[in-house]
Amino acid sequence: MKRLTVGILAHVDSGKTTLSEALLYTAGEILRIGRVDHKDAFLDTNNIERDRGITIFSKQAMLRFPDCEISLLDTPGHVDFSAETERTLRVLDYAILVISGTDGVQSHTETLWNLLEHYQIPTFLFINKMDLAGAEYETILSDLQTRLSEYCLDFAKQDADFWEACATADDSLLEEYMSTETVSRSALCEAIANRRLFPCFFGSALKNEGVGAFADALLEYTKVKSYPQEFGARVFKIAEDEKGQRLTYLKITGGSLRVKAQLTTSEWSQKVNEIRIYSGIKYQGVLEVFPGSVCAVTGLSKTAPGEGLGYEPNSADLTLEPVFTYSVKLPPDADIPWVLSVFRRLEEEETQLHILWNEYRQKIDVQIMGEVQLEVLKRILSERFGLEAEFEQGTIIYKETIKNTVEGVGHYEPLRHYAEVHLLLEPGKPGSGLQFKTACSEDILDKNWQRLILTHLQEKTHCGVLTGSPITDMKITLINGRAHQKHTEGGDFRQATYRAIRQGLMQAESVLLEPWYQFRLELPTENIGRAMTDLQQMGADFAPPITYGENSMLSGTVPVAKIRDYQMELTAYTRGKGRLHCALGGYAPCKTQDAVVAEFSYDPEADLSNTPDSVFCSHGSGFLVKWDKVFDYMHIEAWKPETVQPVQQQVKKAQNLIADEAELLRIFEQTYGKIKQKTPGVLRPQKEVSAYKAKPLPTGEQYLLIDGYNIIFAWDELNRIAQENLDDARILLINRICNYQAIRQNNVILVFDAYKVKGNQREIEQIHGVSIVYTKEAETADAYIEKTSRKLSRHHRVRVATSDNLVQMIIFGDGAIRIPAREFLKEVEEAEAQMRTFIQEHNRKNTDS
């Protein structure tokens, strides 16, 4: 059985829900086509949707054909509910983009198209309302090919021009076309799946014209993905049924899911009580679901949209985000914890709804996409929870970033607590968000503490110091830190990390960012002068007007704050003939920063929940140090911003503590006199140094000494294994070294430190040509390597693989050649690649013979 998940998307009022009804009717799922304006559409199951005549919540419907089962997901078309649409895209195999034949490609249509491209979803287009006056076939097709893709092709007209256009989309199609002058169905399916071609169909969903041919095309030109045997699923929606049971909507992407199955993540483990396949408001209970299926399950109380189950990773954040904030007005006797819990429940269900408790203002803030969503939210609160909520006047969601590089320091040391964190804050590229990484050596701060600091950096929305708005577009690097062996606890680094960020922001030159819309303004040509004047006063950037007939169009970008209420004004001066289409275009520096900052009147030092100050300890008690005095009290030397090298160099320096060749040579020359390198690997003294004569390079066999545990903890893969089981890491290293020796054919001595093993005698065993040495009690691997290196270097060429600085310096003086752990890893990987090639060639020869 062919199983597909297909989403249907459109700009509002393009006829998306009507097309869903027509497809259900064509598949025999319903007896008649419902209408949005009659409030009897099969998928508009919510009273709010029926009253407003728009889709607000994504819905599932089943289209069952003889050899194919399609889960059709109907998504909201209004821009205020774009996030609901975006989270549904993550589970789609194919998408249907509905376009109004009378309106053509609109601003939100382009936003949806960009989202489909971002998630790489194959797309079919249905151009609706072609029965209405003003819907011109040639005009709309040209618009699609110009503004969306030149490979939007009418699949109903498969003539010579059609095949020629298909051939230019892909080299494989061209090759097939050159030999047959057509393209096979399988080749078309592949091109559609790879987003090389975008099939277009024209018709009228309301009159059920062209819908049958469109449904046939969905069956003919789609293919099923291959899924692994291992269980996997993606959560894309959380909801409640009519009885208040929590529903987790997910798509199965591998294996299968049965009722009573135990699902486990790193955070929770719960059992599936029931599996439902919804179609509209009704559902069918099943015992098991398979890859490609979309279902709702009960029994899971800790899931979240975007979460991956089984082998599936968690999804990245949505690309669309709210741009308005509204504060909730509550009566004096309101139970704030209960009200906040109600909003949290809604936040779980509605991805586009962000709830924040503003500790500084002691208010609940709601971040949403626009006025329509706010009205819907009020009604949901009233009907479901009996909460008659009012909201203050909405404000723009600003963000903040920085212009210059600074070092932020946070210190937290009340009595019996200790943590100090140093962070490097750098400006990032516009739209890059926050990027966190570490450049701190594990010799300075243990890896577990570093991971904890990175977790604290990511767990919180960090506020800027201009308006208290979230920070973005920054690179934050952990460059130094210190813990106390006895007094440090996990919460100490949380406090130090938060304070380090704020202390750095207080020093930096901050920039206020505001959201901008991409807009398209259509109005009578006689009003174009007024519109251009208005846009210039708003600070908009726009292209010269385009005139067609009696109308003109302006397009560009404009601050959201300036144009948010412009539609009413536009309607008035154009007598209802003007239309404004807006889509979020990202964030840019605010042109009225001083005025906005003054209006907010935010005092970063008075915001105690985001303090930039540090806590130090003296004479058994903690005391507060203001942010601008922290550098005078901190315990670790600062990386002053004016002397900081580019962060790439600092990362390399901090991660690679091994002294380079020049440094080793300098130390060597201080001890033994100057030397010069005549040929690679041959050291000869300068003539004026008579006390030292360089030895000729030995000509005997080559030996490789390896510091086993040093290599294990220097190689990332082995280090991860060693955290769980050191024996497993040691066995894996031995196996890899044996393979390495088999290819290189040199003498290898792998040394493991048994210094602390009581009563241990030195053990040497041979494994596949490799000598494995376990040192005796009170003998370190370093000591054994130094002694053996010195002895072997007299008559043999010796190399030592280690990242121990002291050992490197000593063996360098003994005449051995050192190999840092990272370089040795490359050698081992090259040898393994040679072995794989040898095995493949050997197998091929055996097969040929």
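Only one residue of 202, 114, 573 has its Cα farthest out toward the positive end of the dipole of the chain, where Lys and Arg carry +1 and Asp and Glu -1 on Cβ, and that residue is 114. Applying 0.36 nm per residue to the separation of residue 207 and residue 314 and subtracting their alpha-carbon distance, the gain on full extension is 34.3 nm. Computed from label points 7 Å out along Cα-Cβ, the spacing between residue 150 and residue 382 is 5.4 nm.
Excluding residue 119 itself, calculate the net charge of residues whose Cβ lies under 10 Å from the Cβ of residue 119, where each Lys or Arg counts +1 and each Asp or Glu counts -1. Display every interim value, and only then the final one.
Working: positive: 90; negative: 86, 117.
Summing Lys/Arg as +1 and Asp/Glu as -1 gives -1.
Computed over the chain, the per-residue total of -39500 (n - 2.57) for DSSP H runs of n ≥ 4 gives a 222 nm mean residue ellipticity of -10000 deg cm²/dmol, rounded to 500. When the charge dipole of the chain is built from unit charges on Cβ atoms (+1 for Lys and Arg, -1 for Asp and Glu) and taken about the Cα centre, the candidate among 544, 396, 601 whose Cα reaches farthest toward its positive end is 601.
Only protein atoms count toward the accessible area here, which uses a 1.4 Å probe; on the chain, the carbon and sulfur part of that area reaches 48 percent. With R₀ fixed at 35 Å, the C-beta to C-beta distance from residue 790 to residue 724 puts the FRET efficiency at about 0.45. With the simple spin-label model, which puts each label point 7 Å out from Cα in the Cβ direction, the residue 182 to residue 240 separation comes to 5.7 nm. The magnitude of the dipole of the chain, with charges of +1 and -1 set on the Cβ of Lys/Arg and Asp/Glu and taken from the Cα centre, is near 3020 debye.
From the alpha carbon centroid of the stretch 240-275 to that of the stretch 444-494 is 34 Å. The Cα center of the stretch 377-429 and the Cα center of the stretch 526-558 differ in position by 37 Å.
Where Lys and Arg each count +1 and Asp and Glu each count -1, what net charge lies around residue 701 among other residues with Cβ under 13 Å from its Cβ? Display every interim value, and only then the final one.
Working: positive: 744, 794, 797, 799; negative: none.
That sum, taken over residues with Cβ under 13 Å, equals +4.
In this structure, the pairs whose alpha-carbon distance is over 23 Å, taken from 447/475; 329/562; 243/363; 429/591, are 329/562; 243/363.
With a 1.4 Å probe and all protein chains left in place, how much accessible area per residue does the chain have, in Å²?
Working: 41170 Å² over 849 residues.
About 48 Å² of surface per residue is accessible.
Around residue 268, with a cut-off of 12 angstrom between Cβ atoms, what is the net charge of the other residues, counting Lys and Arg +1 and Asp and Glu -1? Counting the neighbours of residue 268, the net charge comes to 0. With the simple model of a label 7 Å out from the Cα in the direction of the Cβ, residue 548 to residue 780 spans 7.8 nm.
Once the Cα-Cα distance is subtracted from the 0.36 nm per residue extended length, the residue 141 to residue 304 segment shows a gain of 54.7 nm. Of the chymotrypsin sites (Phe, Trp or Tyr not before Pro) found in the stretch 218-283, those that fall in a DSSP loop while having at most 12 other beta-carbon atoms within 10 Å are 268. When all protein chains stay in place and ligands, DNA and RNA are ignored, the 1.4 Å accessible-area order of 703, 311, largest first, is 311, 703. Put 794, 799, 3 in order of accessible area, highest first, and with a 1.4 Å probe you get 794, 3, 799.
So how much slack lies between residue 592 and residue 605, counting 0.36 nm per residue of separation and subtracting their Cα-Cα distance, in nm? Walk me through the intermediate numbers first.
Numbers: separation 13, 0.36 × 13 = 4.68 nm, distance 2.33 nm.
Extra length available between residue 592 and residue 605 comes to 2.4 nm.
The stretch 142-163 and the stretch 579-640 have Cα centres lying 54 Å from one another.
The candidates 715, 627, arranged from most to least accessible area with a 1.4 Å probe in the full protein assembly, appear as 627, 715.
Each of 180, 236, 265 was placed along the dipole of the stretch 141-288 (beta-carbon charges, centred on the mean Cα), and the one lying farthest toward the positive end is 265.
The values are calculated or read from the model by the stated rules, or taken from the named source; none is laboratory data. This is a predicted model, so every value here is computed, not measured. Here Cβ is always computed from backbone atoms with ideal geometry, including for glycine, and neighbour counts include all displayed protein chains. In case anyone asks, the SASA skips ligands and DNA or RNA and just uses the protein heavy atoms, side chains included. Shrake-Rupley method; radii C 1.70, N 1.55, O 1.52, S 1.80 Å.
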